[in-house]
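Peer 1: Here's a structure for you.
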Amino acid sequence: MSAFAKFLKWTFLILVLPVALLSLYTWGSLTWIYSDGERVGYVQKLSHKGWLCKTWEGELVLVTVPGTQAEKFYFTVRDPAVIPKINALSGERVRLQYEEHKGVPSSCFGETSHFVNDVEEVKED
C-alpha cells in the first residue's frame, strides 16, 4: 500500500467518518419525533436570537385557573411560515401544536426540544 493510500485511509477514518456519523445522528434526531401534542395559553415572548445560528424562541404562558401560578412552556419555531401566524395572534389565547425532538446535538436548531409547527386561535365561548 502506498504512502498516499495510507494517508487517504487515515484521513477518511479521522475526519470524514466522524462528520458523517454526526450528520446521520443529527438528521435522525431532527426527523424522529419523541412526542407531539398541543399547549394552550398566551404567547408572552417570541424573539429571533443567537450569535451565529439565529433561531426563533418563545414562551407560552399556561394559565389553568385564574389566580394560580402561571407555568411557562418554552418553544422553538423552525418553520418561517409559522412566525407571522404567531405574531398575528399576539395577545390572544392560542393553541400551539408541537413536536418534541430529543437529543438534538446543537443549539443551532433551537434552544428547546419543543418545535412548534402550527398555531391557531382558541375561541372563547
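The values are calculated or read from the model by the stated rules, or taken from the named source; none is laboratory data. None of the values given here were measured: they were computed from a predicted structure. Note that each Cβ is placed from the backbone with ideal geometry, even for glycine, and that neighbours are counted across all protein chains shown.
Peer 1: Buried (at least 17 other Cβ atoms within 10 Å of the Cβ) and either over 17 Å from Val61 (Cβ atoms) or in contact (Cβ under 8 Å) with a residue 60 or more places away in the chain (or both): which single residue out of Gly103, Gly110 fits that description?
Peer 2: Details: Gly103 fails: buried (at least 17 other Cβ atoms within 10 Å of the Cβ).
One residue alone meets the criteria, Gly110.
Peer 1: Give me a count of the residues in segment 44-53 that are within 15 Å of the chain's Cα centre (by Cα) and not in a strand (DSSP E or B).
Peer 2: If we filter segment 44-53 for residues that are within 15 Å of the chain's Cα centre (by Cα), which is where we start, we get 46-50, 53.
When the remaining residues are screened for being not in a strand (DSSP E or B), the result is 50, 53.
Adding up the residues that qualify gives 2.
Peer 1: Another question, if that's okay. Are there any pairs, at least 6 apart or on different chains, whose C-beta atoms fall under 9 Å, with the first in segment 61-86 and in contact (Cβ under 8 Å) with a residue 12 or more places away in the chain and within 18 Å of Ser107 (Cα to Cα) and the second acidic (Asp, Glu) and not in a strand (DSSP E or B), and if so, which?
Peer 2: Short answer, once both residue conditions are applied: Tyr74/Glu111; Thr76/Glu111.
Peer 1: Tell me, yes or no, whether segment 31-45 has at least one residue that is in the same structural domain as Leu89 (by TED's automatic domain parsing), in contact with a Ser or Thr (Cβ under 8 Å, 6 or more places away or on another chain) and more than 19 Å from Gly103 (Cβ to Cβ).
Peer 2: yes
Peer 1: OK, next. If a residue must be outside any strand (DSSP E or B) and of a type in the set (A, V, I, L, M), how many such residues does segment 98-117 contain? Give the steps one after another, and end with the answer.
Peer 2: Narrowing segment 98-117 to residues outside any strand (DSSP E or B): 101-113.
From what is left, the residues that are of a type in the set (A, V, I, L, M) are 104.
Residues in segment 98-117 being outside any strand (DSSP E or B) and of a type in the set (A, V, I, L, M): 1 in total.
Peer 1: I'm trying to understand the selection: among the residues of segment 54-67, which are surrounded by 12 or more Cβ atoms within 10 Å (Cβ to Cβ) and assigned to a loop (DSSP other than H, G, I, E, B)? First the steps, then the outcome.
Peer 2: First, pick out the residues of segment 54-67 that are surrounded by 12 or more Cβ atoms within 10 Å (Cβ to Cβ): 55-63.
Within segment 54-67, Val63 is the sole residue that qualifies.
Peer 1: In addition: Exactly one condition in (1) within 12 Å of the chain's Cα centre (by Cα); (2) free of Cβ contacts under 8 Å to residues at least 12 places away in the same chain is not met by Trp56; state its number.
Peer 2: (2)
Peer 1: Conditions first: (1) surrounded by 10 or more Cβ atoms within 10 Å (Cβ to Cβ); (2) out of contact with any strand residue (DSSP E or B) (no Cβ under 6 Å at 6 or more places or on another chain). Thr31 passes all but one, so which condition is the exception?
Peer 2: Checking Thr31 against (1) surrounded by 10 or more Cβ atoms within 10 Å (Cβ to Cβ); (2) out of contact with any strand residue (DSSP E or B) (no Cβ under 6 Å at 6 or more places or on another chain), the one that fails is (1).
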